[in-house]
Amino acid sequence: MATADEFQIVDRRLAFWQAFEPAVKCELSSCAVFTSQGLVFVDPIPLAAPALEELVEAAAPVAIVITNGNHARAAVQFKKRFSIPILAHSDAVAELGLIPDLELAEGDEVVPGLTVIRIPGAGAGEIALHLASGVMVVGDALIHLEPLGFSFLPEKYCADFKAMRAGLRNLLRFEFDLMTFAHGLPLVVRARPTLESLLS
C-alpha cells in the first residue's frame, strides 16, 4: 500500500494525508480528527514515520475508525503502533479481514462529540462521522476526485445507489462547514451547501 510522506493540518479540527495507489489507480485519503479525548484516525493509510511522530505530538491517539468493509488499509499497523482500538460498523466486519475491537451502530459516539451516521447502499457497513465542532468525515459514499469533482460514489461500486443517495440526506441533519473523504481532497468552503446542491 502507498505511503504518504507528509500530512497537512486543515484546521485545528483535522489533519489530512493521501497517496496515489497504483493497484487501484486512485488517490487514497486519510484523516485524523482532533477530539476532546484525543486523536481519532479514520481509514488510515501508512504515513512516513517522521510525519506520524510529528502528528501525534499534537494529540495522543485514542482510536481508529474504519468507514466500510473495504478500508482496512493500515488499521492493524496503527493499532500495533499506538495500542488503540479499531472500530467499524457491524455490517463491515465480514469484508474487513480483521476483527474490530468494537462494532459501531447508527448514533453511537466514538468519543464524546464524534457521532456515527449509517449510510446504507454504498460499501458494506458504510458510515460517516460527525464532529460536533462542524466536521463531516465520509468514507466512500461521496468522492472529491478529478475528473468527477465532488460527486456520489459511482453506481457500479454501490450495493444500492438509490438507497445510498437517500441515506446521504441524513448528513444534512447535522451542521458542518468542513467535509473530508476517503478518496480526494477535503471540502473546506461551503461544505454543507455544496452537499445540499448535489442532493437536490
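For q values of 0.13, 0.16, 0.18, 0.25 Å⁻¹, compute log₁₀ I(q)/I(0) with the Debye formula on a Cα-only model of the stretch 104-171, without solvent. Normalising to I(0) and taking log10 leaves -0.36, -0.53, -0.66, -1.08.
Applying 1/(1 + (r/R0)^6) with R0 = 30 Å to the Cβ-Cβ distance of residue 103 and residue 24 gives a FRET efficiency near 0.70. Taking the DSSP beta bridges with both ends in the chain, the antiparallel portion is around 65 percent. For the stretch 13-50 and the stretch 147-200, what is the separation of their C-alpha centers, rounded to whole Å? Centre-to-centre distance over Cα atoms comes out at 19 Å.
For the stretch 8-199, the square roots a ≥ b ≥ c of the C-alpha gyration tensor eigenvalues yield an a/c under 1.5, which makes the shape rounded. Candidates 86, 2, 152 compared by Cα position along the dipole of the chain: farthest toward the positive end lies 152, with charges placed on Cβ.
Pull out a ≥ b ≥ c, the square roots of the eigenvalues of the alpha-carbon gyration tensor of the stretch 1-43, then state rounded if a/c is under 1.5, prolate if not and a/b is larger than b/c, and oblate in the remaining case. In terms of gyration-tensor shape, prolate. Rounded to the nearest 500, the 222 nm mean residue ellipticity of the chain from helices alone is -5000 deg cm²/dmol, with -39,500 (n - 2.57) taken per DSSP H run of at least 4 residues. Taking the average, over residues, of other Cβ atoms within 10 Å as the packing measure, peptides 129-142, 55-68 rank 129-142, 55-68 from highest down.
Taken about its Cα centre, the chain carries a charge dipole of about 260 debye when Lys and Arg each add +1 at the Cβ and Asp and Glu each add -1 at the Cβ.
Every number in this text was worked out from the coordinates using simple rules, so none of it is lab data. Quantities reported herein were computed from a predicted structural model and do not represent experimental measurements. All Cβ positions, glycine included, derive from the backbone under ideal geometry; neighbour counts span all protein chains shown.
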